[in-house]
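The values are calculated or read from the model by the stated rules, or taken from the named source; none is laboratory data. As the structure is a prediction and not an experimental result, all values here were calculated from the model. Every residue, glycine among them, receives a Cβ derived from its backbone with ideal geometry; neighbour counts consider all protein chains shown. Ligands, DNA and RNA are excluded from the accessible area calculation, which covers all protein heavy atoms including side chains. Shrake-Rupley method; radii C 1.70, N 1.55, O 1.52, S 1.80 Å.
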Amino acid sequence: MSRQELLSPEGLRIDGRRANELRRISCRASVLNSADGSAYYEQGNTKVLVAVYGPREPRAKSQFHHDQAIINVEFNVAPFSTSERRKRSKGDKRLLEISSFVKQTFEGAIQRSVYPRSQIDIYIHLLQHDGGTLETCINAATLALVDAGVSMLDYVCACTAGFIDDTPVLDLNGVEESSIETPDLTVAILPRTGNIALLQMESKLHSSKLEDVMALAVEGCKHIHKKLDDAVLAAANDLAAKLGN
């Protein structure tokens, strides 16, 4: 697919959005009673379910740290998440890659020293894929960790941005992301300080364009922060209502 097809002369993308528009976001916390924290998160047609367990005693006694918690992340893809019907093994390179990025991101955001000799498990299930898998996983995991009451420096909010026909575009969908002509960047920030928690690129991007793409992604992160904050407040209000009955 050519760049001309991805962005119309009127500046509209294939899903009708302007270049600087996010996809529709819908998210809820406390969706699983069996987990310490959980979240369901949709961004466009990408849908993720996250469950958090812990802090709890490490499963392997030899792996725990005396002074801080260890973070374990497992990422699974539902066989029906894409048009390609196949079950991925736990050793799948892409699954391990996303798990590693999520783990690295939250190792710097969770106050692990508060939970010595313990383990925090983050289980991520991709239910439907249409671009932005990593950003969606990070945003959903943030919501689930907050729901679990895990102490963090701040929310971690992630968003993608890229270039189509020399135009910076926000929050790439599946078709845009799969185009070899569309470089894309995933940025995760701590909103209160603006510190970068993750910066990850899937393809080459000229250095002269990096600043514009990063600025657009950071702006997207700020909007996502508001969505996550609203979801946390809604979950707190629901809990207060249940306790009041």
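Brief remarks on what is shown
- Rolling a 1.4 Å probe over the protein heavy atoms of the chain, with every protein chain left in place, gives an accessible area that is 50 percent carbon and sulfur.
- Sequence-separation-based contact order of the chain, relative, with Cα cut under 8 Å and 6+ spacing, percent: 22
- Where only alpha carbons of region 113-194 are counted, the Rg and the Dmax (Å): 15.5, 51
- Check: the chain dipole with +1 on Lys, Arg Cβ and -1 on Asp, Glu Cβ, in debye: 860
- Pairs of alpha carbons in region 157-245 whose separation is greater than 23 Å (percent): 34
- Per-residue SASA entry for His65, accessible area with 1.4 Å probe, Å² rounded to 10: 80
- Taking all protein chains as they are arranged and a probe of 1.4 Å, the heavy atoms of His129 leave approximately 70 Å² accessible to solvent.
- Probing with 1.4 Å while keeping every protein chain in the model, the per residue accessible area of the chain equals 50 Å².
- Entries of Lys47/Lys103; Lys222/Lys242; Lys47/Lys93; Lys103/Lys242; Lys47/Lys226 with Cα pairs more than 28 Å apart: Lys222/Lys242; Lys103/Lys242
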